[in-house]
Amino acid sequence: MLVVAGGVNFFSYEELLALESGEIEKPDIIWLHAMSCDGCSTSLLNSEVSVLDIITRFANVIFHPTIMAGTGENSLEILEKYKSNNLIMVLEGSIPLDMPHACMMGERYIEEWVELVAKEANLAIGAGTCAVFNGITDMEGMSTGACTLRYFLEEKGFKTPVVNLPTCPMKPHQ
């Protein structure tokens, strides 16, 4: 099982060996940040499996705003042009439907990026409590209209399977 986030396994040990030997194709990962504190990304960096192993041996991390080297328009072009038939989309944070300008990348709202990437994804992962239950981004008095990844994709008519990985933040040892 591939350790993508917080120690959650998606490939068996045998499959990891097959990944390393090239018998099976490594998945491509696009990790997006919506409304969150970035705690799940920090938790990923604290994982028992090194981030270097995750992004070189077990997966092709195509986009992650915290750990990627690219910046600005060049990095956003990756999202606009990327095509894959082996893509896992990870969303950290909730999506602000009533206040879309609260979470933007470049000139686009995060919901537009999520839709764009979800069109290519074989699997979507809600990373952490904000992506899974709205978390603190939906506490009383907030006017963002925060929604979860699963809710957003269902409302938009996507059939992409969603795996929810709650806790705040995701824990590398659980």
Inset, instruction - Please find, among Met35, Met68, the residue that is crowded, with 20+ Cβ neighbours inside 10 Å and closer than 23 Å to Lys119 by Cβ. - result: Met35
Inset, instruction - Kindly check whether there is at least one residue in segment 82-89 that is of a type outside the set (S, T, N, Q), touching a His at 6+ places or on another chain (Cβ under 9 Å), outside any loop (DSSP other than H, G, I, E, B) and within 20 Å of Thr167 (Cα to Cα). - result: no
Legend entry - Sole residue being of a type in the set (D, E, K, R), over 21 Å from Leu76 (Cβ atoms) and modelled with pLDDT of 95 or more, chosen from Glu140, Glu111, Glu155: Glu155
Legend entry - One residue from Met35, Met99, Met105 being in contact (Cβ under 8 Å) with a residue 12 or more places away in the chain and in contact with a Phe, Trp or Tyr (Cβ under 8 Å, 6 or more places away or on another chain): Met105
Inset, instruction - For Met105, indicate whether it is at pLDDT 90 or above and over 14 Å from the mean Cα position of the chain (by Cα). - result: yes
Legend entry - Top-ranked residue of segment 78-101 - restricted to ones that are open to solvent by 40 Å² or more (accessible area, probe 1.4 Å) and out of contact with any Gly (no Cβ under 6 Å at 6 or more places or on another chain), ranked as nearest to Met142 (Cα to Cα): Met99
Legend entry - Hey, Glu77 free of Cβ contacts under 8 Å to residues at least 12 places away in the same chain and not hydroxyl-bearing (Ser, Thr, Tyr) or not: yes
Legend entry - Residue tally, condition assigned to a loop (DSSP other than H, G, I, E, B), farther than 19 Å from Glu92 by Cα and either touching a residue at least 24 places away in the same chain (Cβ under 8 Å) or among the acidic types (Asp, Glu) (or both), over segment 46-69: 2
Inset, instruction - Would you check if there is a residue in segment 102-112 being outside any loop (DSSP other than H, G, I, E, B), in contact with a helix residue (DSSP H, G or I) (Cβ under 6 Å, 6 or more places away or on another chain), open to solvent by 60 Å² or more (accessible area, probe 1.4 Å) and of a type outside the set (S, T, N, Q)? - result: yes
Inset, instruction - Would you please name the residue that is most open to solvent (accessible area, probe 1.4 Å), looking only at residues in segment 124-168 that are closer than 14 Å to Val90 by Cα, in contact with a Ser or Thr (Cβ under 7 Å, 6 or more places away or on another chain) and not small (Gly, Ala, Ser)? - result: Pro166
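The values are calculated or read from the model by the stated rules, or taken from the named source; none is laboratory data. Predicted model only: the values in this text are computed from it and were never measured. Glycine also receives a Cβ, built like all others from the backbone with ideal geometry; neighbour counts cover every protein chain displayed. Areas reflect the complete protein model, heavy atoms only, side chains present, ligands, DNA and RNA absent. Shrake-Rupley method; radii C 1.70, N 1.55, O 1.52, S 1.80 Å.
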